[in-house]
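First the structure, in the form of structure tokens, and then the observations on it.
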Amino acid sequence: MPSSDMVSLISFLAVLLIFFSIDVRSRDSAASKPWHARLFEWASRIGGIATALALALGWVDLFLPDESSPIHVAFVAVPGSVAVLCAIALGLEMLWQRWEAP
């Protein structure tokens, strides 16, 4: 992946990491939660870890030469895709919470 595209991807992942950081810290860790609350809590944790991994690999790849990079684009794209799917799941959580409110 060209360096200019990698910079855009890293910027997106950095914003996503901030989102997951805020989301994880705003959740309470009560032991008795409904299944959907635990699902969304774990989606937030897994998304944060996947984002951090993709961001770190993308950052390293940014400083390696484009011709002989040992980091394949899939090593950044797979955890990045998992992070985006987790962010979508958390977006669905907002719809879920909205429907529960009277």
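The values are calculated or read from the model by the stated rules, or taken from the named source; none is laboratory data. Please read these numbers as outputs of a predicted model, since none were measured by experiment. All Cβ positions, glycine included, derive from the backbone under ideal geometry; neighbour counts span all protein chains shown. Heads up: the accessible areas ignore ligands, DNA and RNA and are worked out on the full protein's heavy atoms, side chains in. Shrake-Rupley method; radii C 1.70, N 1.55, O 1.52, S 1.80 Å.
Go through (1) farther than 16 Å from LEU85 by Cβ; (2) under 16 Å from the mean Cα position of the chain (by Cα); (3) of a type outside the set (Gly, Ala, Ser); (4) open to solvent by 70 Å² or more (accessible area, probe 1.4 Å) for ARG38 and report which single condition fails.
(2)
Given the criterion closer than 30 Å to ASP5 by Cα and not in a loop (DSSP other than H, G, I, E, B), identify the matching residue among PHE40, PHE19.
PHE19
In the range 32-58, how many residues are in contact with a helix residue (DSSP H, G or I) (Cβ under 6 Å, 6 or more places away or on another chain) and either in contact (Cβ under 8 Å) with a residue 40 or more places away in the chain or polar (S, T, N, Q) (or both)?
9
Which one is modelled with the highest pLDDT among residues in the range 67-98 that are open to solvent by 90 Å² or more (accessible area, probe 1.4 Å) and assigned to a loop (DSSP other than H, G, I, E, B)?
HIS72
Looking only at the range 22-35, how many residues end up being open to solvent by less than 80 Å² (accessible area, probe 1.4 Å) and either assigned to a loop (DSSP other than H, G, I, E, B) or touching a Lys or Arg at 6+ places or on another chain (Cβ under 8 Å) (or both)? I'd like the intermediate steps shown before the answer.
Within the range 22-35, the first condition is being open to solvent by less than 80 Å² (accessible area, probe 1.4 Å), and the residues that meet it are 23-24, 27, 30, 33-34.
Next, from what is left, pick out any that are either assigned to a loop (DSSP other than H, G, I, E, B) or touching a Lys or Arg at 6+ places or on another chain (Cβ under 8 Å) (or both): 24, 27, 30, 33-34.
Adding up the residues that qualify gives 5.
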